[in-house]
Amino acid sequence: MAPRQEPLIFQYSRAGRGAVDQWPREPDTPLEIPRELQRPRPPLLPEVSELDAVRHFTRLSQLNFSIDTHFYPLGSCTMKYNPKACNALATLPQFLARHPLAPESRGQGVLACLHELQEMLCALTGMQAAALGPMAGAQGELAGVAMILAHHRSRGDLARREIIVPQAAHGTNPATASMCGATVREIPVGADGDVDIEALRAAVGPATAGIMLTNPSTLGVFERRIVEVAEIVHAAGGLLYYDGANLNAILGKVRPADMGFDVIHMNLHKTFSTPHGGGGPGAGAVGVGPLLEPFLPIPIVVREADHYRSLTERDRPRTIGRLSAFMGNVGVLLRAYVYMRLLGSEGLSQVAEHAALNANYLLARLAGAGFEVAYPSRRASHELIVTLERQARDSEVTAMDFAKRLLDYGMHAPTTYFPLLVPECLLIEPTETESKETLDAFVAAMVSIAREAREDPERVRRAPHTLPVRRLDDVRAAKQLDLTWDPDARAPDRPG
Amino acid sequence: MAFIPHTAADVEEMLAVIGVASVEQLFDEIPPSVRARGLAGIGDALNEMEVTRLMMSRAASCGFALSFIGAGAYEHHIPAAVWAIAARGEFYSSYTPYQAEASQGTLQAIYEFQTMIASLSGMDVANASLYDGASAFAEALLMAARINRKSKSLRMLVSRAVHPHYRAVARSITSLQGLNLEEVEYDAASGRTLVDSLRAHDGEDITALAIQQPNFFGVLEEVDGLSEWARRRAIPVIAVVNPISLALLRPPGEWRGGADVVVGEGQPLGVPLSSGGPYFGFMATRMAHVRQMPGRIAGRTVDLAGHEGFTLTLQAREQHIRRGRATSNICTNQGLMVTAATLYLSLMGPQGLRRVAAACHARTRALVEALVRIPGVRAAFAAPRFHEAVLQLDRPVAPVLAALERREILAGLDLAPDYPELGHALLVCATETKTAADIQVYASALGEALEARTAA
Amino acid sequence: MSRIPEDLRFTKTHEWVRVLPGGVVEVGITDHAQDALGDVVFVEAPEPGRRVAAGESYGVVESVKAASDLYSPVAGEVTAVNGELASAPERINQDAYGAGWIARIRPDDAASVSELLSPADYRRLLESGGG
């Protein structure tokens, strides 16, 4: 039985206790550090035994939902099974022990994996070259937009500072554009979920640096007029950026380069099943067509005869530069490499097919059970959107209430209130690794909650009831900031 | 092997429910003109046994050399309990804790981590981590520009004794927003950044000052004087620190002039070297600046029933709410690494962490003493150091490193590419993992290499 | 329908303006705006003495789920800010037109206030969905 609450690690602390066997011996030479540079008081760290720490953190783990323990249909996050082999084989002792600045002659095996990973990512996306340094999707986005801007600058075209983003885009897209010093121009999306082509035509011009698109879009549908979009943007002198958030939906079916994209970032922690780790580490590899190759971030791994080498600024003088201290999240890249080798070309195609099958099956079943889907006339991609606007109106039970109640049914909630265009929405992404039985159980839970919403709405509104905590007071958290533990302060309203 | 559970019967049944004849039909909204025909260039699947064989041979090529390289990534003992617990599926395969009620484990661990990092840094608050030390440094510069809105110049003074890769990453990221990184020379005799070199900028509009302690050379900076220079001019101070060193060294929050943003590489806290990542960057600041801090932050609050619990907070700073006007585009932290670091810091505690720091300090001192006894080797800088040192040889470093590598010793980092003015300079590090015998092996091999070359 | 006092002026960005004796104007966000934001948790107010242009973003109101810029209704100099909001931002939810005032500004041109939306104009704006 999982614990309901767990004290803070500091509350186990006893002066003089410790995991002594883990500590090195006290050195027999004195410190050669001037007194004024020395720490006057020890830091606030717990003094606990090894068993105290092991129990505490094991109990904390038991307070989490995870893919290993629960269905986790979080839209746009691709929470598929993370194969155990990927972790085991990326953490072989020699891999873990290798220093990032060790000679490349002592890392040929690592570099070979990274080089092959670059090649496989190019093959999947149709891009000409790839770089693996960006450490998360958002950093891959930054690299992509920075390359687009560098390209325009290199041609002396300094006026192109505007990045076009559809209204439905993930918040990272406009945030990235701003972080790159570009201005953001939003364009609307039509009622059928496709980009408003006339609005796009009106938006492009001599200030257009590029457009950022996810395809399939965040609305869970394929952008059908993508070829036309590409023509319009290219004709105006802009470039197309592909946000790889939804790449899982199209593996082997269509390649971003063939759709007209010039640059792409891939979330290896989504499509290639490296773990999310409770919020990172991810990896945001980037791929580019010939136009942008000179600007790729370093390092890039190349093969010269039988030797692998990573390129530096000397090899690539026009690079947008380095984005991580060393080679990015190598351990994550190795996991993605193992995953791709395990699946091979046939397996990777099956990924998209079964992700689409599961999403469209859920859509059909939920629609059949009376739920309103956001784009009923469209195929679902690998995810789908249900809108609970009617339930919110009739029973005053919101999408958030549904989400919280699903937790009581032992299922992680779908993404709520995103995309912002659809009111009271749940964005549901089952992924290809879930069985029909799991999907059926999800539908049954949704039907049951819908019934509760009519018959006992308060029960849904006050959910969850069975988790370690009840619904948390976000307003208090933001107003009475309590971000670190103060040993001298009383814990808030701690029951006896 | 795509980890797909469906039987053929399942697929038939599901297609019937959808009302299509084939899986292929599910892709009929993709324009035929751009459809891919199969997947070339990936190769056939290997089964787990075959991939295991492949990866074992790839790993073997890395070997296990005796390493004295530091330069921003450090070999420390990692208690087995750290990854035995951090790698549990409940941590490993969970997402960012957006659904707080279903993520209390991750959230509480982050809150504990924030407490530890804030205390180590001598600051009020810390975030849930950034990607790595270098990108955290870039974010700190952007944050300092938001803190110091009175300054219009966007001129950031950065000591040249800050890690060269950190400066490179900061340039890549912050130049996009027009920040100007201006390098401040270090003193050739001591390896320190002198307050005198800052005085050249008296009266100028400076947006922030960045100092690394210990600096890239392992030398201890005169942080009181440097921070005080900035404080008197109301210039925010960014401190780049090594978290292990903070067990021994005065935390930036207690420098005479204080610090506004403290960042560093978290790798030394229980994270394996792994060719450079995944690591994590940490960031701490004063409460007054908390809304300018990027990244996720966990906070403690209460639930409907009045029980305490944890949730992400201050999310209005972040990209999913502020979109184009967020403090950063960052979404994730490096959650799993932070879980490991919190475990590591719990097992070490204040005493253990101090012992690790003191042992590193003592080992490096012993290493330097042993190496400078060799003719042709001298220590470059006279100032006190933490656990790294710059040595100068009487000949180019690269061939010497190659000779030692043939004897399974990674003897340090050649500084010629980044600091040519230092001559034949080598950066070395000995952590608590190096024994007296290891140091002797290094010293003998280096002695022989230099002798052999002289003879030749 | 949210409250729209008859003695105030309004902006399209949902700020209200009250002319105080002496010509200084008091500004805040409307009842409609506070309702749309939800529980306000933080207000970033401008510093007294700051010069602002009409329409310039000079502060932020944050709730848990949203952050909304504050735009100055008039050009002028900030003479005071409501210090109570630092510890009690909920005043904006409780009393948007009174205790929830945000700043006082001395307009460069007293006539500029009369160019702002009247209560009737603002009501039409809300009814037309111009939120």
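List of remarks:
- Residues located in region A:188-226, provided they are modelled with pLDDT under 95, hydrophobic (A, V, I, L, M, F, W, C) and open to solvent by 20 Å² or more (accessible area, probe 1.4 Å): A:189, A:191
Okay, residues lined up against (1) open to solvent by 20 Å² or more (accessible area, probe 1.4 Å); (2) closer than 30 Å to residue B:22 by Cα; (3) more than 9 Å from chain B (Cβ to nearest Cβ); (4) at pLDDT 95 or above:
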site	(1), (2), (3), (4)
A:253	no, yes, no, yes
A:256	no, yes, yes, yes
A:266	no, yes, yes, yes
A:287	no, no, yes, yes
A:305	yes, no, yes, no
A:317	yes, no, yes, yes
A:332	no, no, no, yes
A:342	no, yes, no, yes
A:354	yes, yes, no, yes
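- Those residues of region B:312-348 which are at the interface with another protein chain (Cβ under 7 Å from one of its Cβ atoms), in contact with a Gly (Cβ under 6 Å, 6 or more places away or on another chain) and under 26 Å from residue B:86 (Cβ atoms), in sequence order: B:313, B:330, B:332, B:333, B:334, B:335, B:336
- Whichever residue in region A:356-389 is in a strand (DSSP E or B) and among the aliphatic types (A, V, I, L, M) and, among such residues, is surrounded by the fewest Cβ atoms within 10 Å (Cβ to Cβ): A:373
- Among the residues examined, residue B:171 qualifies as facing another protein chain (nearest Cβ under 10 Å) and of a type in the set (Lys, Arg).
- Strands (runs of 3 or more DSSP E) contained entirely in region B:297-389, each with at least 1 residues that are among the basic types (Lys, Arg) and not assigned by TED's automatic domain parsing to the domain that holds residue B:213: B:377-379
- Residue that is over 24 Å from residue A:278 (Cα atoms), free of Cβ contacts under 8 Å to residues at least 60 places away in the same chain and open to solvent by 20 Å² or more (accessible area, probe 1.4 Å), where the choices are A:470, A:451: A:451
- Residue B:282 vs. criteria more than 7 Å from every other protein chain (Cβ to nearest Cβ), assigned to a strand (DSSP E or B) and within 13 Å of the chain's Cα centre (by Cα): yes
- Residue A:96 vs. criteria among the hydrophobic types (A, V, I, L, M, F, W, C) and either in contact with a Ser or Thr (Cβ under 8 Å, 6 or more places away or on another chain) or not assigned by TED's automatic domain parsing to the domain that holds residue A:269 (or both): yes
Okay, residues lined up against (1) more than 15 Å from residue A:263 (Cα to Cα); (2) in contact with a helix residue (DSSP H, G or I) (Cβ under 8 Å, 6 or more places away or on another chain); (3) in a helix (DSSP H, G or I):
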{"site": "A:113", "(1), (2), (3)": "yes, yes, yes"}
{"site": "A:135", "(1), (2), (3)": "yes, yes, no"}
{"site": "A:149", "(1), (2), (3)": "no, yes, yes"}
{"site": "A:157", "(1), (2), (3)": "yes, no, no"}
{"site": "A:186", "(1), (2), (3)": "yes, yes, no"}
{"site": "A:192", "(1), (2), (3)": "yes, no, no"}
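- Residues being closer than 16 Å to residue B:218 by Cβ, charged (D, E, K, R) and either open to solvent by 10 Å² or more (accessible area, probe 1.4 Å) or touching a residue at least 12 places away in the same chain (Cβ under 8 Å) (or both) are entirely absent from region B:390-402.
- Matching residues in region A:413-445 - criterion: being more than 21 Å from residue A:379 (Cα to Cα), open to solvent by less than 10 Å² (accessible area, probe 1.4 Å) and either away from chain B (no Cβ under 14 Å) or among the hydroxyl-bearing types (Ser, Thr, Tyr) (or both): A:445
- Failed item, numbered, when residue A:390 is tested on (1) over 24 Å from the mean Cα position of the chain (by Cα); (2) under 30 Å from residue A:85 (Cα atoms): (2)
- Check on residue A:65, within 7 Å of chain B (Cβ to nearest Cβ) and either among the aliphatic types (A, V, I, L, M) or in contact (Cβ under 8 Å) with a residue 40 or more places away in the chain (or both): yes
Here is a yes/no grid of residues against (1) surrounded by 20 or more Cβ atoms within 10 Å (Cβ to Cβ); (2) within 30 Å of residue B:385 (Cα to Cα); (3) more than 7 Å from every other protein chain (Cβ to nearest Cβ); (4) in contact with a helix residue (DSSP H, G or I) (Cβ under 7 Å, 6 or more places away or on another chain):
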site	(1), (2), (3), (4)
A:16	no, yes, yes, no
A:19	yes, yes, no, yes
A:23	yes, yes, no, yes
A:34	no, yes, no, no
A:43	yes, yes, no, yes
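- For region A:78-93, the set of residues classified as closer than 29 Å to residue A:218 by Cβ and either open to solvent by less than 10 Å² (accessible area, probe 1.4 Å) or without any contact (Cβ under 8 Å) to a residue 40 or more places away in the chain (or both) consists of A:78, A:79, A:80, A:82, A:83, A:86, listed by residue number.
- Of the strands (runs of 3 or more DSSP E) lying entirely inside region B:161-261, those containing at least 2 residues that are closer than 30 Å to residue A:143 by Cα and open to solvent by less than 10 Å² (accessible area, probe 1.4 Å) are B:208-213, B:237-241.
- Pair list, Cβ under 6 Å, 6 or more apart: region B:1-28 residue open to solvent by 50 Å² or more (accessible area, probe 1.4 Å), other residue modelled with pLDDT of 95 or more and outside any helix (DSSP H, G or I): B:1/B:45; B:3/A:81; B:3/A:433; B:5/A:435
- Looking only at region C:21-69, residues that are more than 30 Å from residue A:472 (Cα to Cα), open to solvent by less than 40 Å² (accessible area, probe 1.4 Å) and more than 13 Å from the chain's Cα centre (by Cα) come to 3 in all.
- Residues that are at pLDDT 95 or above, of a type in the set (A, V, I, L, M, F, W, C), in contact with a strand residue (DSSP E or B) (Cβ under 6 Å, 6 or more places away or on another chain) and more than 16 Å from residue B:72 (Cβ to Cβ) are absent from region B:244-254.
- Exactly one residue among B:116, B:123, B:56 is surrounded by fewer than 24 Cβ atoms within 10 Å (Cβ to Cβ) and over 19 Å from residue B:278 (Cβ atoms), and that residue is B:56.
The values are calculated or read from the model by the stated rules, or taken from the named source; none is laboratory data. Given the structure is predicted, the values throughout are model-derived calculations rather than measurements. No Cβ is skipped: glycine too gets one built from the backbone with ideal geometry, and neighbour counts run over all protein chains shown. What goes into the accessible areas is simple: the full protein's heavy atoms, side chains included, and nothing from ligands, DNA or RNA. Shrake-Rupley method; radii C 1.70, N 1.55, O 1.52, S 1.80 Å.
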